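Down below is the structure, laid out as structure tokens.
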Amino acid sequence: MRRSVLLAAACLVLLASPASALRIFAKTGAVSGSFGGLAVADASCQSQADAASLGGSFRALLSTSTIDAADRVEDAVWTLPSGATVANSKADLLDGSILVTVTEDSFGNATATGKWTGSTSAGISTGNHCTSWTASFGPNGTSGAPLQTDGRWLNNADDSCLQSRAWYCVEFSPPATNTPTVTPTETPTVTPTNTPTVVLRGHHYRPPTDLRLSMPTPFVAVRPGDIHVPK
């Protein structure tokens, strides 16, 4: 009974744990809040990830009038391109505290430029997103501070959309892994050799195939002419 309970508990822990690790990095290249919307931001994230040969698929960690940044985050262990762990799950990433600053670009180089987010520390839209990142003279845009590990990494200030900021990029699909193909090898066919048959007065005698391993054969006195080897 105790063993069954322990196994069930272990299964629940495995089910509750993120299945894989995904990466987050700070995009380089600051622009005003009217950069063209989510599609443009996503394409920029993917372009910088590809330039660094990260593999996988990336998109921007941004909120708009209809989308929360939290909905763009998968449940996974989150790491920087260098491998440092930022958070142990989606909930951990958006709970107002992270383990290390998100100050690496896609190549793992340091960058501390402010980041447009349009989000609260929980990844929910603040309503300040430069008209979904399309207007320089619209409402303000919420930005995050990459040098912070508390909630300010996502929600630090509401800036004029004329300010220049970059944004964070999050992976949503890891690189595909190639499974090696195993080619079966052919088993050699062994063809048995014919062992000569010796006839002793009408009796057939077939000597062992390996005389070195056979038991001693009793001595039989045979007169000349009694042995006949068939052709």
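A few comments on the model shown:
- Taking segment 20-72 as the range and being closer than 17 Å to Asp105 by Cβ, of a type outside the set (Ser, Thr, Tyr) and part of a helix (DSSP H, G or I) as the test, the residues that pass are Ala41, Asp42, Ala43, Cys45, Gln46, Gln48, Ala49, Asp50, Ala51.
- Counted residues, segment 80-92 - those being in contact (Cβ under 8 Å) with a residue 40 or more places away in the chain and either within 11 Å of Tyr168 (Cβ to Cβ) or open to solvent by less than 20 Å² (accessible area, probe 1.4 Å) (or both): 2
- Scanning segment 156-166 for residues being open to solvent by less than 60 Å² (accessible area, probe 1.4 Å) and not small (Gly, Ala, Ser) gives a total of 3.
- Cβ-Cβ under 7 Å pairs, at least 6 apart or on other chains, segment 101-119 side crowded, with 24+ Cβ neighbours inside 10 Å, far side of a type in the set (Lys, Arg): Lys115/Arg165; Trp116/Arg165
- Leading residue by the ranking (farthest from Thr66 (Cα to Cα)) among those in segment 125-136 that are touching a Ser or Thr at 6+ places or on another chain (Cβ under 7 Å) and in a loop (DSSP other than H, G, I, E, B): Ser136
- Condition met for Val229 (at pLDDT below 95, open to solvent by 40 Å² or more (accessible area, probe 1.4 Å), over 22 Å from Leu22 (Cβ atoms) and not polar (S, T, N, Q)): yes
- Residue match in segment 146-155 (condition: modelled with pLDDT of 95 or more, part of a loop (DSSP other than H, G, I, E, B), polar (S, T, N, Q) and open to solvent by less than 20 Å² (accessible area, probe 1.4 Å)): no
The values are calculated or read from the model by the stated rules, or taken from the named source; none is laboratory data. All of these numbers come straight from a predicted model, not from anything done at the bench. Glycine also receives a Cβ, built like all others from the backbone with ideal geometry; neighbour counts cover every protein chain displayed. To get the accessible areas, we keep the full protein, side chains included, count just its heavy atoms, and leave off ligands, DNA and RNA. Shrake-Rupley method; radii C 1.70, N 1.55, O 1.52, S 1.80 Å.
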